[in-house]
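The values are calculated or read from the model by the stated rules, or taken from the named source; none is laboratory data. Just so we're clear, the structure is a prediction, and the values are computed from it rather than from any experiment. Ideal geometry is used to build each Cβ from the backbone, glycine not excepted, and the neighbour counts take in all protein chains shown.
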Amino acid sequence: MRTLDLGTHVPASVIGLGTWQFGSREWGYGDDFADRQAGEIVRRALDLGVTFFDSAELYGFGRSERILGEALGDRRDEVVVATKIFPLLPLAPVVEQRAVASADRLGVRRIDLYQVHQANPVVRDGTTMRGMGALQRTGLVDQVGVSNYSLDRWQAAERALGGAVVSNQVEYSLVHRAPEEDLLPWARAEGRVVVAYSPLGQGVLSGRYTSGHRPQDAVRRANPVFAPENLERLAPLLDTLRQVGEAHDLSASQAALAWVVARPNVLAIPGASSVEQLEKNVEAASVHLADDEVAALDERSATFRRVSTLERARGAVRRRVRRTA
Ligand SMILES: NC(=O)c1ccc[n+]([C@@H]2O[C@H](COP(=O)([O-])OP(=O)(O)OC[C@H]3O[C@@H](n4cnc5c(N)ncnc54)[C@H](OP(=O)(O)O)[C@@H]3O)[C@@H](O)[C@H]2O)c1
């Protein structure tokens, strides 16, 4: 599989594996998924050449890290193990303690990529990055990354660390293209990496959800893209995805992933609810979309305008007023 260099001991596959789904109640996948299928997904990913695995201390309150570490077993050293600190109070000593706890749950001697899950609005990056720097010097952390950072904050984090903050993990997909404005160009110019989370729009780009068939888990009930109005507005984009997919004997999801990783310096970390999904997602890494196919998807996605939660609430109030008037 094509890889990107994060400065880690092995290069990172452009399709990695996201593990929020492992042991996190909000996805509603149940105990059998956590106890059995999650491990099978990891082992199959290893066999297929996936070398980038992403977790976070927040996912299942440490359960995702434990499941991932156990499933990687003796093969932990063959891959890039990435996790994230949730920055409630990311002072240097706290960062150091939390890294030790994550490494323990993952069963690793070194966290290959340690990321700050989101920018803390009050605590600046100076103290956080002092902790990260100390962890790098002891060897417990190899590379430092951030997540959900603006470009300004990413650059400030680099200045505070006094070295490369090699990646920024942000939402990026055909239904969320904001990183194209500044993060992608900067990453490309500076040799950094954008790690694309929710690259399938949390499954909406598979085309299997409609206004009459919406996912019932807490994560996607809270995601406005799954609101009936938005699912209807997405129909033209999903049609184009299906057409592009069919031309390559691929599903809509695979075409959506191929579009993400066609961008330079972008690595995608789709989650999966089954081994079959993981296999399909990995296949997408070897697909080459033609320029006109990328352009057609660009165009369709640019015309999708998401109805926000506020607009939906206003619409509901207007309808109620009309009914009672
Ligand atoms: N840093 C952050 O703040 C942040 C935020 C969100 C996520 N993340 C990371 O990014 C990872 C991925 O993001 P995500 O899980 O939010 O969204 P995603 O990868 O876009 O969507 C994952 C979901 O899509 C469906 N799916 C996956 N492969 C499929 C396929 N081949 N065909 C059809 N459906 C498929 C599955 O759900 P169903 O089968 O149930 O439909 C799966 O649970 C997470 O696991 C996590 O590691 C990070």
With the requirement that a residue be acidic (Asp, Glu), more than 12 Å from the ligand (Cβ to nearest atom) and in contact with a helix residue (DSSP H, G or I) (Cβ under 8 Å, 6 or more places away or on another chain), what does segment 200-235 give you? GLU229
Is it the case, given these coordinates, that ALA295 is in a helix (DSSP H, G or I), closer than 15 Å to SER173 by Cβ and of a type in the set (A, V, I, L, M)? no
Considering every residue within segment 117-125, establish whether at least one is touching a residue at least 12 places away in the same chain (Cβ under 8 Å), surrounded by 18 or more Cβ atoms within 10 Å (Cβ to Cβ) and β-branched (Val, Ile, Thr). no
Odd one out for LEU161 among (1) of a type outside the set (Asp, Glu); (2) out of contact with any Gly (no Cβ under 7 Å at 6 or more places or on another chain); (3) closer than 30 Å to VAL94 by Cα: (2)
Filter segment 184-199 down to the residues that are within 16 Å of the ligand (Cβ to nearest atom) and over 15 Å from VAL146 (Cα atoms), then identify the one that is surrounded by the most Cβ atoms within 10 Å (Cβ to Cβ). PRO199
How many residues does segment 240-291 hold that are farther than 24 Å from PHE304 by Cα and of a type in the set (A, V, I, L, M, F, W, C)? 6
Quick test of your reading of the structure: ALA71 fulfils all but one of (1) over 22 Å from VAL14 (Cβ atoms); (2) aliphatic (A, V, I, L, M); (3) out of contact with any strand residue (DSSP E or B) (no Cβ under 8 Å at 6 or more places or on another chain). Name the failing condition by number. (1)
Tally the residues that are within 11 Å of THR240 (Cβ to Cβ) and loosely packed, with under 12 Cβ neighbours inside 10 Å, restricting the search to segment 272-298. 1
Of those in segment 15-66 that are of a type in the set (D, E, K, R) and over 26 Å from PRO90 (Cα atoms), the residue surrounded by the most Cβ atoms within 10 Å (Cβ to Cβ) is ARG44
State which residue is modelled with the lowest pLDDT when the search covers only segment 269-292 and only residues that are closer than 25 Å to LEU68 by Cβ and more than 12 Å from the ligand (Cβ to nearest atom). SER286
Return yes or no: is ALA34 within 11 Å of the ligand (Cβ to nearest atom) and either out of contact with any Pro (no Cβ under 9 Å at 6 or more places or on another chain) or not in a helix (DSSP H, G or I) (or both)? no
